[in-house]
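Trainee: Pasting a structure below so you can have a look.
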Amino acid sequence: MADKVNIIRRSHVPHTVARGIIGASARTGWAQISHVPAIQALDGITLEAVATRREESAREAAAAFGARTWHTDPLAMIQDSSVDIVTVAVKVPDHRDLVLAALEAGKAVYCEAPLGSSPAETRMLAAAAQSGHSVIGLQGRYNPSVRRAAQIIAEGRIGRPLNARVVSTSSAFGPASTSAYEYFEKEESGASLLTITAGHTLDLVEALLGDITEVDARTEILWPHPELLDTGGQARREVPDHIDVLARTTTGAVVTADVVGGVPPEDADFRFELRGTDGWLSLTGGSLYGVQGGDLSLASSSDFPAPDKPAAPATAESPALNVAELYAHLVHDLQTGSRSAPDFAHARHNTDLMAGVSHAARSGRRWTSANS
């Protein structure tokens, strides 16, 4: 089946692939600020269709983004023969049915992370995607500075990695929110500081230092009743808004990571500081959208070539920068039959790791990948 899907993709779209976005609003949302500008700046991929729940917003999005067609029924867009890639950019609880429908239609599927609303749901979706092209939106690992840092480490330019300190912030999960985002406070939604911000952060750590094999953790709810600014009411927070992780990776490096929610946008911060036996390396930046949503600056005691030019032009604060890198890998995969982009099996690994962090925090016992 995998060979058949690859042959169909290459024969149908030898030079340019067409993409449809489910959840593309012209007024707000992640797709508007990341997926759409990434596509518009890349060669070899076009925005063919958009789907939203209401006709007015679907028409508006198609006009604003230059899409040829619009849909109020995402299943109709999925069945559109002119669409090669289906991007699922909606709330996590809505991922399951849309992803399954796109896989059943034989489409390449790009889904935002986390893939499922629970580890069990993620495992099911990963199993369903084994025969086709799937991509999970863990794009931070493809930032040009991250890729160059990984090369420096792999080539031993700073010696054997010893220990890394990480700070990763989010402006969400603080003392205030709005009713539109109240679902983030519910554990059953699968969308939280742990599954989103910590998931992206630890995925970047693994891209640099190898898989995380051991975890000790502590999680806290510092603001149990965030104010809903649009209604004046209060929500009840069921998920952590602060996470501390102590981990070990396959390279033997010890990592401490502080994942902090509720940071004002002007104080957004990401820091990765690695000490090796023969030198040091750091990645720094800060984005309202978290480490996955902006550029990073690389510094090291070792000389190194400048990071590669981004696949698509974007400002340092633009969340389109890293998303474009991931799309560039997906387009290459579809045109050549390769598998370079992180797939749903990678999503399962990330979700299992976040479940390990949660288990370690709740039980007070160390989690190891060998026992997961």
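The values are calculated or read from the model by the stated rules, or taken from the named source; none is laboratory data. This one's a predicted model, so the numbers in the text were calculated from it and none came from an experiment. Note: ideal-geometry Cβ built from the backbone for every residue, glycine included; neighbour counts use all protein chains shown. Just the protein is used for accessible areas: all its heavy atoms, side chains included, with ligands, DNA and RNA removed. Shrake-Rupley method; radii C 1.70, N 1.55, O 1.52, S 1.80 Å.
Trainee: Mind giving me the FRET efficiency for Ala105 and Ala180? R0 is 35 Å, r the Cβ-Cβ distance, nearest 0.05 is fine.
Mentor: 0.70
Trainee: Among the aspartates and glutamates, select those whose C-alpha is under 15 Å from the C-alpha of Lys91, and discard any that sit fewer than 8 residues away in the same chain.
Mentor: By straight Cα distance, Lys91 reaches Glu112, Glu121, Glu182, Glu185, Glu187, Glu188.
Trainee: Kindly write out, for region 260-274 in residue order, the coupling ³J(HN,Hα) from the Karplus curve 6.51 cos²θ - 1.76 cosθ + 1.60 (θ = phi - 60°), rounded to whole Hz, with x marking Gly and Pro.
Mentor: Running phi through 6.51 cos²θ - 1.76 cosθ + 1.60 with θ = phi - 60° gives 10, x, x, 8, x, x, 6, 9, 4, 8, 9, 9, 10, 10, 10 Hz.
Trainee: Hey, what number do you get for the chain at 222 nm if only DSSP H runs of n ≥ 4 count, each worth -39500 (n - 2.57), divided across all residues, to the nearest 500?
Mentor: Helix contribution divided over all residues of the chain: -9500 deg cm²/dmol.
Trainee: Would you please state the base-10 log of I(q)/I(0) at q = 0.13, 0.18, 0.23, 0.24 1/Å for region 278-372, with intensities from the Debye formula using one equal scatterer on every alpha carbon?
Mentor: These q points yield log10 I(q)/I(0) values of -0.74, -1.07, -1.10, -1.11.
Trainee: Taking the Cα atoms of region 91-167, what is the range of coordinates along each of the three principal axes, in descending order and whole Å?
Mentor: 47, 24, 19
Trainee: Next up: Hey, could you grab the Kirkwood Rh for region 24-79? Inverse mean 1/r over distinct alpha carbon pairs, Å, one decimal.
Mentor: Answer for region 24-79: a Kirkwood hydrodynamic radius of 11.2 Å.
Trainee: With +1 on the Cβ of every Lys and Arg and -1 on the Cβ of every Asp and Glu, and nothing else charged, how large is the dipole of the chain about its Cα centre, in debye rounded to the nearest 20?
Mentor: That gives the chain a dipole magnitude of about 720 debye.
Trainee: Just read off the accessible area of Asp216 with the full protein assembly in place, 1.4 Å probe, to the nearest 10 Å².
Mentor: Accessible area of Asp216: about 40 Å².
Trainee: Let me ask something else about it. With the Cα gyration tensor of region 165-207 in hand, give its eigenvalues times 5 under a square root as the equivalent ellipsoid semi-axes, listed largest first in whole angstrom.
Mentor: Square roots of five times the eigenvalues give 22, 12, 6 Å.
Trainee: Under 5 Å between amide H atoms, partner at least 5 residues away or on a different chain: which partners does Ile45 have, H built in plane at 1.01 Å?
Mentor: Hits under the 5 Å cutoff: Val17.
Trainee: Is there a quick way to get the dipole size of region 126-204? I mean about its Cα centre, with the Cβ of Lys and Arg at +1 and of Asp and Glu at -1; what is the value in debye to the nearest 20?
Mentor: 600
Trainee: Quick one: Karplus J couplings for region 275-292, per residue in order, coefficients 6.51, -1.76, 1.60, θ = phi - 60°, nearest Hz, x for Gly and Pro?
Mentor: Those phi angles translate into 10, x, 5, 10, x, 9, 8, 9, 10, 9, x, x, 9, 3, 9, x, 4, 6 Hz.
Trainee: Taking K and R as +1 and D and E as -1, what net charge do the other residues with C-beta under 13 Å from the C-beta of Ser170 add up to?
Mentor: -4
Trainee: While we're looking at this one, here's another question. Which whole-number percent gives the relative contact order of the chain, counting Cα pairs below 8 Å spaced six or more residues apart?
Mentor: 20
Trainee: Apply the Karplus curve 6.51 cos²θ - 1.76 cosθ + 1.60, θ = phi - 60°, to the phi angles in region 240-254 and return the couplings in whole Hz, x for Gly and Pro.
Mentor: For region 240-254, the Karplus-derived couplings read x, 10, 8, 9, 10, 10, 10, 9, 10, 10, 5, 7, x, 6, 9 Hz, x marking Gly and Pro.
Trainee: Just for the Cα atoms in the chain, what are the lengths along the principal axes, largest first, rounded to whole Å?
Mentor: 53, 52, 39
Trainee: Return a whole-number percent for the relative contact order of region 203-339, with Cα pairs under 8 Å and 6 or more residues apart as the contact set.
Mentor: After rounding, I find 14 percent.
Trainee: Counting only protein heavy atoms and using a 1.4 Å probe, what share of the accessible area of region 40-117 belongs to carbon plus sulfur, as a whole percent?
Mentor: After summing per-atom areas, the C and S share lands at 45 percent.
Trainee: If you place +1 on the Cβ of every Lys and Arg, -1 on the Cβ of every Asp and Glu, and leave all else neutral, what size is the dipole of region 231-318 about its Cα centre, to the nearest 20 Debye?
Mentor: My answer is approximately 240 debye.
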